[in-house]
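One structure below.
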Amino acid sequence: MKKHIVIVPGDGIGQEVTVVGKKVLDKIAAKFGHEFTYDEALIGHVAIEATGNPLPDESLEKMRNSDAVLFGAVGHPKYDNDPSAKVRPEQGLLKMRKELGLYANLRPIKLFDELLSASSIKPEILKGADILFFRELTGDVYFGERARSADGNTAYDTMIYSKYEVERIARKAFDAAMTRGKKLMSVDKANVLESSRLWRETILEVAKDYPEVQLEHQFVDAAAMILIKDPKRFDVVVTGNLFGDILTDEASQIAGSMGMLASASIGDGTGVYEPIHGSGHDITGKGVANPMASVLSAALLLDISFGLKAESEAVINAVDQVLKAGFRTRDIADATTPADKILGTDAIGEEILSRI
Ligand code: NAD
């Protein structure tokens, strides 16, 4: 198979982990006889420094003309401490999502058995949990009208959804449920919010086309509680942008480390694959970032954008084997990990590559 991939490392540890993600794609191409070609594009702080723009048109064009994008992260301490900065790295991320029409963010939360002890949840509650979140990405309070009163003392943000936006992500989530346990949980706040009532009505309409899928509705507060109490109750979950933002970060903690979780942002065109973590200011340049989220993002890319299931599984298996062999990066090591098994970004990347 011939495919063109754009690598977009972005800022901080995004630069460090994406190198490993790309090497994994190269190894897969060599091993399975595919031909992947690459281009690189700027986003975030590095793009602002080079061009003044957090997502230059040239980057967007490269992404549009590719078959998939492997992205790192954006963010720089300079902006975190200056909320008034007009040009900001995360504007690049929001623009990329909007311009590429990436309306669905998929976050698989699947635990590797070897890492059960790294979670703050008891292993017996956690073992076997396997959740696939669908977070809507282009609507909600992030894109609704917002304003501040003239005296600066009152502000509002508008939570807004159209039926069309709910329907298209609902179909993606129902389709995924059909390929898994045929269970879907829709999360809203329909007891209070009008946009949530539209959300729920639309989900119910789409459900008529999927009679085999067992549909459950939960309010977001209840869902947040069940996620900690009984994570195995979830299979596929679909929710809006704000609730999804919060719930998926909560879910990332049941998985133990930010460094292990991948995500896919998809729409009807090019898909973007990225770790859920940010640019990791505190560890940038130290060579200790866990590259597994980027590697697992590459696995998602192979599966979802290219339909290469065996190749994707080969990557996930390699990560599993590395963990089984006892190797850890610092973030997933514990008191029982021998010092010689704690590896840096490149070294653990090599361990993964050698097992593909
Ligand atoms: P972060 O995800 O960068 O880091 C949170 C903590 O997890 C840090 O202690 C970090 O060292 C650790 N961590 C994260 N990824 C790791 C990895 N691969 N290996 C080992 N440890 C890892 O979140 P933050 O510190 O809140 O934000 C830092 C910057 O990233 C901010 O500028 C923020 O705006 C940005 N950010 C970007 C994205 C994105 O690009 N998608 C997402 C979240 C945050």
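Just so it is clear, none of the values below were taken in a lab; they were calculated from the coordinates. Since this is a predicted model, take the numbers as computed values, not measurements. Note: ideal-geometry Cβ built from the backbone for every residue, glycine included; neighbour counts use all protein chains shown.
For the peptides 147-154, 224-231, what is the packing order when you average, over each peptide's residues, the other Cβ atoms within 10 Å and list the highest mean first?
Top to bottom by mean Cβ count within 10 Å: 224-231, 147-154.
Could you work out the equivalent-ellipsoid semi-axes for segment 82-135, taking the square root of 5 times each eigenvalue of the Cα gyration tensor, largest first, in whole Å?
35, 17, 8
Which of the three applies to the chain, rounded, prolate or oblate, going by the alpha-carbon gyration tensor with a ≥ b ≥ c and a/c under 1.5 meaning rounded?
Rounded.
Could you list 305, 279 so that the one with the fewest beta carbons within 10 Å of its beta carbon is first and the one with the most is last?
The order, fewest Cβ neighbours first, is 305, 279.
Tabulate in residue order the Karplus-calculated ³J(HN,Hα) for segment 131-148, using 6.51 cos²θ - 1.76 cosθ + 1.60 with θ = phi - 60°, rounded to whole Hz; enter x for Gly and Pro.
Values per residue, Gly and Pro as x: 10, 10, 8, 10, 9, 5, 10, 10, x, 6, 4, 5, 10, x, 5, 9, 6, 10 Hz.
Gaussian network model of the chain, Cα springs within a sub-10 Å range: biggest mean-square fluctuation belongs to which of 312, 265, 84?
Of the options given, 84 has the highest mean-square fluctuation.
Looking at segment 130-253, I'd like the Rg to Rh ratio, where Rg is from alpha-carbon atoms and Rh is Kirkwood's inverse mean 1/r.
Value, to two decimals: 1.01.
Quick check on the exposure proxy: order 142, 156, 38 from fewest to most C-beta atoms within 10 angstrom.
In order of increasing Cβ crowding within 10 Å: 156, 38, 142.
What percentages make up the Cα-Cα pair-distance distribution of segment 44-193 when the bins are 5 Å wide from 0?
For segment 44-193, the binned pair fractions read 2, 7, 11, 13, 14, 17, 15, 12, 6, 2, 0, 0 percent.
Return the subset of 3/62; 27/62; 122/232; 2/98 for which the Cα-Cα distance in this structure is over 19 Å, preserving the input order.
From the list (3/62; 27/62; 122/232; 2/98), the Cα-Cα distance tops 19 Å for 27/62; 2/98.
Over the chain, what is the percentage of antiparallel beta bridges among all DSSP beta bridges, to the nearest 5?
Roughly 35 percent of the beta bridges in the chain run antiparallel, per DSSP.
Could you identify which residue out of 167, 274, 212 has the top mean-square fluctuation in a GNM of the chain using Cα springs shorter than 10 Å?
Highest fluctuation among the options: 212.
Just to compare against my own numbers: the Cα pair-distance distribution for segment 197-338, 10 Å bins, whole % per bin, please.
Final binned percentages: 9, 30, 37, 19, 5, 0.
Between segment 127-148 and segment 296-329, what is the C-alpha centre distance in whole Å?
26 Å
Just check segment 1-122 against the gyration tensor rule for me: Cα atoms, a ≥ b ≥ c as the square roots of the eigenvalues, rounded for a/c under 1.5, and otherwise prolate or oblate depending on whether a/b exceeds b/c.
The shape class here is oblate.
In which sequence would 34, 277 go, from the one with the fewest C-beta neighbours within 10 Å to the one with the most?
34, 277
What does the helix-only formula give at 222 nm for the chain: each DSSP H stretch with n ≥ 4 adding -39500 (n - 2.57), the total divided by the residues, and the result rounded to the nearest 500 deg cm²/dmol?
-12500 deg cm²/dmol
Ratio to report: Rg/Rh of segment 64-112, with Cα atoms as the point set and Rh obtained by the Kirkwood method; give two decimals.
1.06
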